[in-house]
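Following: one structure in structure tokens, then a few remarks.
Laboratory data are not the source of any read-out in this text; all were calculated from the coordinates shown. Note that this is a predicted model, so its numbers are computed, not measured. Please note: Cβ atoms are built from the backbone with ideal geometry, for glycine as well, and neighbour counts cover all protein chains shown.
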Amino acid sequence: MEFLFFLFSCFYFMLPAYFANMAPVMIKGSFKELKVPVDFNTKIDNNTIFGRHKTFRGLIFGIVFAVGIAFIQYLLYNLDFFKLMSFVDYSNWLLIGLLLGSGVVIGDLVESFFKRRLDVKPGKPLIPWDQVDFVIGALIFIYPFYKLSLAKMTTILALSFFLHVLINHIAYYLKIRKVKW
């Protein structure tokens with residue numbers, strides 16, 4: 001039972017990052033004026049820097065979603081249950097949301113940069129990096145302010161990998177996504 005509580009605490013801590021990672025899919029049909037590639041389609045060796053799917057819309061709303069979820073966690077932090085399972089004090093919810101959201105976006109951009117250099121086309125898998133790039137980015141950004149233990153970070157990476165695979169498969173079979181990964 002203690003391990004399940006620990007897993008749930010890891011999941012709860014990463015909620016802003018998970019929502020930041022899902023933001024581009026959740027707002028796909030909205031804010032079309034922001035569907036501008038972050039790299040402005042600039043190319044290096046005939047490949048774009050990040051790819052046309054990495055847009056300002058995803059960048060902005062990834063961070064906005066993370067901040068929004070961190071604010072909700074701040075509101076819930078007053079309840080004993082949520083305080084007990086929280087790794088951090090959410091009174092600085094804005095910083096937490098900005099760090100996790102920015103880390104997600106940057107982690108995803110770094111992975112896309114390397115996928116383009118390896119000539120992996122957008123939407124094609126690069127396992128396991130597609131499943132953990134955003135998590136690594138989020139953990140790197142949050143670590144200077146909230147030093148998580150190695151056990152917590154390792155558990156978050158493993159949990160996130162399996163959740164990412166599961167969620168994407170479900171979304172694929174529900175016809176929300178075109179690919180399983």
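Need the full-extension length gain, Lys178 to Thr154, defined as separation in residues times 0.36 nm minus the C-alpha distance. One decimal, nm. Spell out each step's value before the answer.
Details: separation 24, 0.36 × 24 = 8.64 nm, distance 2.96 nm.
Contour length minus Cα-Cα distance gives 5.7 nm.
If you stretched the chain out fully between Lys43 and Phe31, how much longer would it get, using 0.36 nm times the residue separation minus the C-alpha to C-alpha distance?
Numbers: separation 12, 0.36 × 12 = 4.32 nm, distance 2.51 nm.
Stretched fully, the Lys43-Phe31 segment lengthens by 1.8 nm.
What ranking do 142-149, 28-35 get when scored by the average of other Cβ atoms within 10 Å per residue, highest first?
Details: 142-149: 13.5, 28-35: 11.4.
Descending mean neighbour count gives 142-149, 28-35.
How about Lys83: which lysines have a C-alpha closer than 22 Å to its C-alpha, ignoring those fewer than 8 places off in the same chain?
Here the lysines satisfying the reach criterion relative to Lys83 are Lys147, Lys152.
What order do you get for 114-126, 6-18 when each peptide is scored by the mean count of other beta carbon atoms within 10 Å, highest first?
Listed from highest to lowest mean packing, they are 6-18, 114-126.
Could you tell me the calculated FRET efficiency between Ser91 and His53, based on Cβ-Cβ distance and R0 = 35 angstrom, to the nearest 0.05? Mind showing how you got there, number by number?
Details: r = 36 Å, r/R0 = 1.02.
According to the calculation, E is roughly 0.45.
Mean separation of Cα pairs under 8 Å and 6+ residues apart, divided by the residue count of the chain: what relative contact order is that in percent?
Values: 248 pairs, mean separation 40.0, N = 181.
Computed value for the chain: 22 percent relative contact order.
Just to be sure I understand, if you calculate Rg/Rh (Cα atoms, Kirkwood Rh) for this structure, which of [x] 1.01; [y] 0.93; [z] 0.98 do you get?
[z]
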